[in-house]
Amino acid sequence: MGLRKRPTKKVNKKVAKKVTKKATKKAAKKAPKKAPKKTAKTTKKKAKKVVALPGLGNEVHLFNSLLELIRVTSAEMPDDIQKVILEALAREEKNTTAEYAMNIIKANIELAKKKSQPICQDTGTVLFYVNHPKELDQIKFTKTLHKAVLAATKKGYLRQNSVDSLTGENPGTNIGPGHPAIHFHQHNKSHLEVSLMLKGGGCENVGAQYSLPHNELGAGRDLAGVRKVILDAIQKAQGKGCGPGVLGVTIGGDRGAGYIHSKELLLRRLDDTNENKELAVLEKDIVETANKLGIGPMGFGGKTTLLGCKIGALNRLPASFFVSISYMCWAYRRQGVKLKNDQSIQKWLY
Amino acid sequence: MKRLQYPFSQEEIRKLKVGDMVLISGKIYTGRDAVHKRLHEGVKPPVDLKNQIIYHCGPVVLQDKKTKKYEVTAAGPTTSIREEPYQWEVMRDYGIVGVIGKGGMGPKTLDGCKQYGCVYFHAIGGAAQVLAEKIKSVESVNWLDLGSPEAIWELMVEDFPVVVTMDSHGGSLHADVDSSSKTLLKDFM
């Protein structure tokens, strides 16, 4: 472990110096023209490669785009989430603690956007999902991504949130083994698409994985059994995951793949419909049933316990039947960008 | 809506009941996992916690490079249940009268609340900006060696909005909702 850590630290320091000196201050708004000489040179050198390597593009643009992605994800709630939160607020009875909670949530969303500050102080596990053309150099991309994460941390878009599990030390960089989490997926298109999810610890802690059959719950290896364990997880979570929340549920896979996939399901828009009809029915049923349990916002009691549920499936071994459940809090921070060939932002995905 | 004004007292705390919506004004201290672990290990707190409120919170704090002044830019509550093994001891040994957090706590804490005169205030999880606005200043910081989110920040708050979910008379909204939702769930299984 010691050997592994050292190089990471060195890199972090280097990155820290570079970023603070050069890019940080002007990064968000100003284009590479204003960037310091050395960076500009490297940029020029790379510029020729842009055509040949569309996945690489311009490093300074990429840095700026990623930093902006982090800022917006941390501070602004996507429209699809905001819509269901307002609906939930309207449903709660007047002058209850549930309505009080939803009103504060609404005010918080507005204030965070206005001040361009984190919606929640727990800026969570930083999860990147990168869809890229085959030309992308993942090592180079990761370096730029780390610079952006570091800059975002210095600017307070991200809290110093990544801790050495053995020593408890917090280097304050958000960079270390396993963090940020980067999931690369190659696609057949020529552009880069980067999605980001910031998933807080409170909701991560109420995630659950069940192995079916589950005797205690009487849950067998079928959708009825899947339904039972999902509802059990919701009841167990109470308000601890900062409800009302949204579930990503994966049926099947190995234990690791199941959890990873359950988070990827949270990239789906809340208002979409599952292409699998049976799962579409189950998703709706879970939300309706959960909202009859009376757990309510923050677990105060009330009408909305769950805002949505997304279910998917992976193949499994004949011997295994896992149901992996990821809970996302109401502070559902996920955003994404489609990048142009020069790696500036072409459009926002949510 | 009730108001609770610093300095806090046992007498005022005993008047609070589950379901009360309260606005807190005055001094509070943050303290979360590492602080509670250290206190449990026998290290004396760097500040006098008698009649104080502990806030389970790991704030985002920025320091002005020139003035060295701290500013809290995001400060919602963190999940409290992790302090369940320790919280009652802090009540017993250091006389705190309030805990602010989220998600509620268990029977040990509830028992401590009753025995030592303390309440659990539930803040709105995730509402980091609304709550940061209620923090008017940072007075001091201790145990910064634990890392910024884990340090003890002394904060002055004004009209900090919370709901009493565990009182000093044995009442717990969390136990009630857990039990009623469990019963309801049986019908849907």
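Brief remarks follow.
- Test: residue in segment A:126-146 that is closer than 30 Å to B:D20 by Cβ, crowded, with 22+ Cβ neighbours inside 10 Å and not β-branched (V, I, T): no
- Scanning segment A:180-201 turns up at least one residue that is in contact (Cβ under 8 Å) with a residue 60 or more places away in the chain, in contact with a Lys or Arg (Cβ under 9 Å, 6 or more places away or on another chain) and farther than 24 Å from A:K310 by Cβ.
- Scanning segment B:114-136 for residues that are without any contact (Cβ under 8 Å) to a residue 60 or more places away in the chain, closer than 21 Å to B:I96 by Cα and either away from every other protein chain (no Cβ under 11 Å) or among the charged types (D, E, K, R) (or both) yields B:K114, B:Q115, B:Y116, B:Y120.
- No other residue among A:L293, A:L267, A:L339, A:L307 is within 28 Å of A:A98 (Cβ to Cβ), under 23 Å from the mean Cα position of the chain (by Cα) and touching a residue at least 24 places away in the same chain (Cβ under 8 Å) apart from A:L307.
- Scope segment B:100-129; condition farther than 26 Å from B:G171 by Cβ and out of contact with any Leu (no Cβ under 6 Å at 6 or more places or on another chain); matching residues: B:A128
- Checked against (1) surrounded by fewer than 21 Cβ atoms within 10 Å (Cβ to Cβ); (2) at pLDDT 95 or above; (3) out of contact with any helix residue (DSSP H, G or I) (no Cβ under 8 Å at 6 or more places or on another chain), A:Q209 passes all but a single condition, namely (3).
- Selected residue (criterion: farthest from B:G125 (Cα to Cα)) from residues of segment A:191-244 that are in contact with a Cys (Cβ under 8 Å, 6 or more places away or on another chain) and of a type in the set (G, A, S): A:G200
- Among the residues of segment A:267-309, just one is over 14 Å from A:M328 (Cβ atoms), among the small types (G, A, S) and more than 10 Å from every other protein chain (Cβ to nearest Cβ), namely A:A280.
- Segment B:55-64 - residue that is outside any strand (DSSP E or B) and in contact with a Pro (Cβ under 8 Å, 6 or more places away or on another chain) and, of those, farthest from the other protein chains (Cβ to nearest Cβ): B:H56
- Taken residue by residue, segment A:98-117 has no member that is away from every other protein chain (no Cβ under 13 Å) and surrounded by fewer than 21 Cβ atoms within 10 Å (Cβ to Cβ).
- Residue match in segment B:57-80 (condition: crowded, with 17+ Cβ neighbours inside 10 Å, of a type in the set (K, R) and either more than 25 Å from B:S172 (Cα to Cα) or modelled with pLDDT of 95 or more (or both)): no
- Residue among B:S148, B:S140, B:S180 that is surrounded by fewer than 19 Cβ atoms within 10 Å (Cβ to Cβ) and either basic (K, R) or facing chain A (nearest Cβ under 10 Å) (or both): B:S180
Quick grid of which residues meet (1) under 30 Å from A:Q343 (Cβ atoms); (2) touching a residue at least 60 places away in the same chain (Cβ under 8 Å); (3) among the aromatic types (F, W, Y); (4) part of a loop (DSSP other than H, G, I, E, B):
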site	(1), (2), (3), (4)
A:T142	yes, no, no, no
A:A148	yes, yes, no, no
A:A151	yes, yes, no, no
A:G156	yes, no, no, yes
A:E169	no, no, no, yes
A:L217	no, no, no, yes
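- Test for A:N95: is it in contact (Cβ under 8 Å) with a residue 12 or more places away in the chain and either closer than 30 Å to A:N291 by Cα or buried (at least 21 other Cβ atoms within 10 Å of the Cβ) (or both): no
- Hits in segment A:223-266 (condition: away from every other protein chain (no Cβ under 14 Å), charged (D, E, K, R) and not in a helix (DSSP H, G or I)): A:D254
The values are calculated or read from the model by the stated rules, or taken from the named source; none is laboratory data. As the structure is a prediction and not an experimental result, all values here were calculated from the model. Don't worry about glycine lacking a Cβ; one is built from the backbone with ideal geometry, like all the others, and counts go over all protein chains shown.
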